[in-house]
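What follows is a short report on a single structure.
The values are calculated or read from the model by the stated rules, or taken from the named source; none is laboratory data. Note that this is a predicted model, so its numbers are computed, not measured. Every residue, glycine among them, receives a Cβ derived from its backbone with ideal geometry; neighbour counts consider all protein chains shown. Calculation scope for accessible area: heavy atoms of the full protein, side chains included, ligands and nucleic acids excluded. Shrake-Rupley method; radii C 1.70, N 1.55, O 1.52, S 1.80 Å.
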Amino acid sequence: GAGGFNAGVAAQTLSASWLQSPGTLTMNLTSLLSSATASGSGVVDRLLFQVTLINPTASSASRGPCSGSVTVNCTSNSTLASSNAVRPCSAGVGVGCTDNRTAVNVTLSQSVATIANAGGDSRPMVGYALPGIFLINSTTPNLAPTVYYSTDYAPASYSAAAGDGLPLRVYNPIISGTFSQTSSNPCDQNTIQVTLNSNVPIFQTCGSGVDVTITLSGLLGTVTPDSSSFLLGNATAPLSSTAVWNNTRSSLVLTASGTLLLGTDYVVTFAVQNQAASKPAASVSVSVTSLSVVTVPSNFSNALYIAMLDWTVKTASQSTPWPCDANTITVQLQPTVSLMLCKASATDSNPGYPVLTLANLVGSSTLSAALVVTSSSGVFASTGAWNQTARTFVLNLTSQMNASQLYTFSFPLTNQKSYQSAPNISLATSRLTQVSSPYAIMSAQGSAWMSTNSKLNSTDEIAALFIRRPAFLASAPTGDPRWSVNQSSAYPCADNTITVSLTFNVPLIGSCGHHISISNLVNTGTTSPSAITVSSIFPAGTSSPYVVTSWTQSTGQLVITANSNVPSTTDVGETPVTFSFTLINPPFGQDAPTLSVSADLGAPLGPLVSSHNVSYGTTFDGHPADDAGAAAFTDNYLLNSLAGPTTPAAYPVATTFAQYPLFVVAPRLHTLAMQSTPFPCASNTLSFAVLSRAPLLARCQPLLTITGLSSTGTASTNNLLATFLSGGTGAGGFNAGVAAQTLSASWLQSPGTLTMNLTSLLSSATASGS
């Protein structure tokens, strides 16, 4: 009706003058008003027109209702009448006055109604403009009244909120979305899926006409090479199926062949290779070049998280705790992530598997070498590098170790001689980041391991390179060590076989050179260590494992070394040994000395000390009393021996001397003297029956002396003939072995002493037997 906009100018167009900065649109209405009249149907006073502008981007200056004051520069002497006029927000820009009047500066206060964010709309906006509208003729600039705007008007072209119709109200673009990945495993191929959704349309071109790009930045943690035609696994149209990947900048740049609609999910997937080192989730941002907007979607919190390596199982156990023994170290590993072929960087052309390093392997005598590795898994190299100086064992992988899978490998080491507690063995893995970086301390397997490794005697001994402290084993329940030292002969100058029995808690390994020392074997006639041979009685063998290391006659210390293996008799290492050696007894009686036995098996053992202090005068069973008063040794006994008694005399043997090493019977004689005639000046044959409490041996070089033969008529001589006779019966008879032999004795008429050196007579004499 009459209130409508002027139909007379409807459907007409004008070419307006547009200045992008400061945002001024000027139209010369003259041609439009060519038929306008001041009254009637030709009046033109209500105009409805449209112009189309491209909305600003988020990088434009913030806009809103003009505030404060602006200065209008016009060449006019007239006062600008309206006090509530509004101007564009570009301060100081004139309206293009064309006359030549004197310039005057007029400051106008602006009164603009506040525009509410109507309807509860929470979407942020860049701002909005309240444009001032002016009419200008050739003489007087006329200011328009306040321009009013509806806060409720909203265009129907999309789901809009009240107030969206305000001129140049522009939303702040926000990109939301989700980020997911298929693997957090170091070095793994990782498929990333990104879903993007914008609160505004994203046009293919904006403003400058340059194609819009969407950039994902902060994609840290990959070793994916740069590519200008990076193939996407999936891309929702109109997104391109290729992108630009820059690993150095950690970015992926997407392009589109059309407009991305607001509120629509756009999905892209692409594959990268995770780096080896662990890292927290990346802070990935999304930017759109035309909008100059950068957002960090909250659902991107798991972006490119790369897990640390941990071990749910990491044990190092052993097969034997014995010093110097050949040991097998067994390692069990179960990783929380897979150990894959890894690249050091995006440009690395020679990827490799992580390398395992066992460190602090203290306690092995094995020299540095490549050691054979035993494993059924097929992921470990056949040999590993053992470095004795660094105490490390380095093992390469030949294929992937899978997460949560148990792997076992073994390698040989020889235990050192010295005992020790198990060292804190650690595990390091190259390329990857461990939870306990750089090393993960290893534990031992449980008690079940002992059931398959019988040499282990306690759970402590399961741990790799625990080396048992050697000890003499004791008897239960007394706790006394199981040991003894015995002898074979208690007679002067006799060969005396000393037998030593010991029990150790570990076998004697020849490579260890275990030493055993027996001390205080005093007063023997053995001068040289070469005269001593050590024989093994138990365990019996064709050759003795022992050699004499040293013999000191003056102190009676003998040191022997086991130069070959003396095995244990039980699985847990109980090792009884019995060995013997022969010494020459002293030529005189002596008390049993206090002996001590010690050993060095990587740790000093003992000494074990004998408590025997037996006097050589002690009477044992069958041992003649010193006073010769016993009935068996009366003169009648010797007399009867000459006459040939029906019951032969028992040879006086000390039956319990064996337990007292180097107890030596004192030589003692029991005698009977007789003559052939009592007449003066007659040639008198003297007969002497002599019974010794110890065998007479040539080694003692015994001198038999008879004194008190005074007042004879026989002049002194060195060749007085002595003839040895036989007599007696059976075992009690006089020694037939010397019968009918003669000796040249030394005779001193004064004082009547006869001396004979029995050495030659006893050349075949022994301490026992016939």
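Per-residue answers, yes or no, for (1) touching a residue at least 40 places away in the same chain (Cβ under 8 Å); (2) touching a Pro at 6+ places or on another chain (Cβ under 9 Å); (3) assigned to a loop (DSSP other than H, G, I, E, B); (4) open to solvent by less than 20 Å² (accessible area, probe 1.4 Å):
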| site | (1), (2), (3), (4) |
| --- | --- |
| Asn424 | yes, no, yes, no |
| Leu432 | yes, yes, yes, yes |
| Ala476 | no, no, yes, no |
| Val485 | yes, yes, no, yes |
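For segment 479-521, how many residues are on the phi > 0 side of the Ramachandran plot and at pLDDT 90 or above? Spell out how you get there, then give the answer.
So in segment 479-521, the residues on the phi > 0 side of the Ramachandran plot come out as 479, 493, 513, 520.
Then keep just the ones that are at pLDDT 90 or above; that gives 493, 520.
Residues flagged as on the phi > 0 side of the Ramachandran plot and at pLDDT 90 or above within segment 479-521 amount to 2.
Given segment 712-770, what strands (runs of 3 or more DSSP E) lie entirely inside it while holding 2 or more residues that are over 27 Å from Phe679 (Cα atoms), among the basic types (Lys, Arg) and at pLDDT 95 or above?
Ranges flagged: none.
What pairs come out if I take residues in segment 175-187 that are in contact (Cβ under 8 Å) with a residue 12 or more places away in the chain and at positive phi and pair them with residues that are surrounded by fewer than 20 Cβ atoms within 10 Å (Cβ to Cβ) and acidic (Asp, Glu) whose C-beta lies under 9 Å away, six or more apart or interchain?
Listed by first residue and then by second, the contacts come to Gly177/Asp265.
Residues are listed down the side, and each one gets a yes or a no for (1) under 30 Å from Thr526 (Cα atoms); (2) open to solvent by 70 Å² or more (accessible area, probe 1.4 Å); (3) touching a Ser or Thr at 6+ places or on another chain (Cβ under 9 Å):
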site	(1), (2), (3)
Tyr660	yes, no, yes
Leu672	no, no, yes
Leu686	no, yes, yes
Asn718	no, yes, yes
Leu721	no, yes, yes
Gly752	no, no, yes
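Check segment 259-271 and report whether any residue there is under 18 Å from Phe179 (Cβ atoms), in contact with a strand residue (DSSP E or B) (Cβ under 9 Å, 6 or more places away or on another chain), without any contact (Cβ under 8 Å) to a residue 40 or more places away in the chain and not charged (D, E, K, R).
The answer is no, given that none of the residues of segment 259-271 is under 18 Å from Phe179 (Cβ atoms), in contact with a strand residue (DSSP E or B) (Cβ under 9 Å, 6 or more places away or on another chain), without any contact (Cβ under 8 Å) to a residue 40 or more places away in the chain and not charged (D, E, K, R).
Please go through segment 527-563 and pick out each residue that is β-branched (Val, Ile, Thr) and in a strand (DSSP E or B). It would help to see each step written out before you state the result.
First, pick out the residues of segment 527-563 that are β-branched (Val, Ile, Thr): 527, 532-534, 537, 542, 547-549, 552, 555, 559-561.
Once the filter is applied, which keeps residues that are β-branched (Val, Ile, Thr) and in a strand (DSSP E or B), segment 527-563 yields Ile537, Val547, Val548, Thr549, Thr552, Val559, Ile560, Thr561.
Of the residues in segment 541-564, how many are surrounded by 17 or more Cβ atoms within 10 Å (Cβ to Cβ) and within 22 Å of Trp322 (Cβ to Cβ)?
Number of matching residues: 6.
Taking only segment 360-401 into account, find how many residues are over 25 Å from Ser418 (Cβ atoms), without any contact (Cβ under 8 Å) to a residue 24 or more places away in the chain, hydroxyl-bearing (Ser, Thr, Tyr) and in a loop (DSSP other than H, G, I, E, B).
Of the residues in segment 360-401, 1 are over 25 Å from Ser418 (Cβ atoms), without any contact (Cβ under 8 Å) to a residue 24 or more places away in the chain, hydroxyl-bearing (Ser, Thr, Tyr) and in a loop (DSSP other than H, G, I, E, B).
Evaluate segment 223-240: report whether one residue or more is over 20 Å from Asn190 (Cβ atoms), of a type in the set (Val, Ile, Thr) and crowded, with 18+ Cβ neighbours inside 10 Å.
Within segment 223-240, none of the residues are over 20 Å from Asn190 (Cβ atoms), of a type in the set (Val, Ile, Thr) and crowded, with 18+ Cβ neighbours inside 10 Å.
For segment 584-601, enumerate the residues that are in a loop (DSSP other than H, G, I, E, B) and open to solvent by 10 Å² or more (accessible area, probe 1.4 Å). Steps first, please.
Let us first name the residues in segment 584-601 that are in a loop (DSSP other than H, G, I, E, B), namely 585-589, 591-595, 601.
Result: Pro587, Phe588, Gly589, Asp591, Pro593, Thr594.
Taking only segment 22-57 into account, find how many residues are out of contact with any Ser or Thr (no Cβ under 7 Å at 6 or more places or on another chain), open to solvent by 70 Å² or more (accessible area, probe 1.4 Å), farther than 17 Å from Ala7 by Cα and not hydrophobic (A, V, I, L, M, F, W, C).
Residues meeting the conditions: 3.
Residue check, Leu333 against (1) part of a strand (DSSP E or B); (2) open to solvent by 40 Å² or more (accessible area, probe 1.4 Å); (3) not acidic (Asp, Glu), all met but one. Which one?
(2)
So which of Thr264, Thr269, Thr215 is among the β-branched types (Val, Ile, Thr), more than 29 Å from Thr347 (Cα to Cα) and surrounded by fewer than 21 Cβ atoms within 10 Å (Cβ to Cβ)? Please lay out each step first, then the result.
On the way: Thr269 fails: more than 29 Å from Thr347 (Cα to Cα); Thr215 fails: more than 29 Å from Thr347 (Cα to Cα).
When all the criteria are applied, what remains is Thr264.
So, in segment 151-193, of the ones that are in a loop (DSSP other than H, G, I, E, B), hydroxyl-bearing (Ser, Thr, Tyr) and at pLDDT 70 or above, which residue ends up least open to solvent (accessible area, probe 1.4 Å)? So that I can check it myself, show each step before the final result.
As a first pass, look at segment 151-193 and keep what is in a loop (DSSP other than H, G, I, E, B): 151-169, 172-174, 182-188.
Then drop every residue that is not hydroxyl-bearing (Ser, Thr, Tyr), which leaves 151, 153, 157-159, 182-184.
Adding the requirement that they be at pLDDT 70 or above leaves 182-184.
Values: Thr182: 97, Ser183: 14, Ser184: 41 Å².
Here the answer is Ser183.
Working carefully through the options Ser437, Ser451, find the one that is under 30 Å from Asp310 (Cα atoms), part of a helix (DSSP H, G or I) and at pLDDT below 95. Let's see the steps before the verdict.
Values: Ser437 fails: part of a helix (DSSP H, G or I).
The match here is Ser451.
Among the numbered conditions (1) open to solvent by 40 Å² or more (accessible area, probe 1.4 Å); (2) closer than 30 Å to Met442 by Cα; (3) not small (Gly, Ala, Ser), tell me where Pro470 comes up short.
(1)
Under the condition of being over 17 Å from the mean Cα position of the chain (by Cα) and among the β-branched types (Val, Ile, Thr), which residue from segment 336-381 is surrounded by the most Cβ atoms within 10 Å (Cβ to Cβ)?
Val337
From the residues in segment 12-26 that are at pLDDT 85 or above and in a loop (DSSP other than H, G, I, E, B), which one is farthest from Thr52 (Cα to Cα)?
Among them, the one singled out is Gln12.
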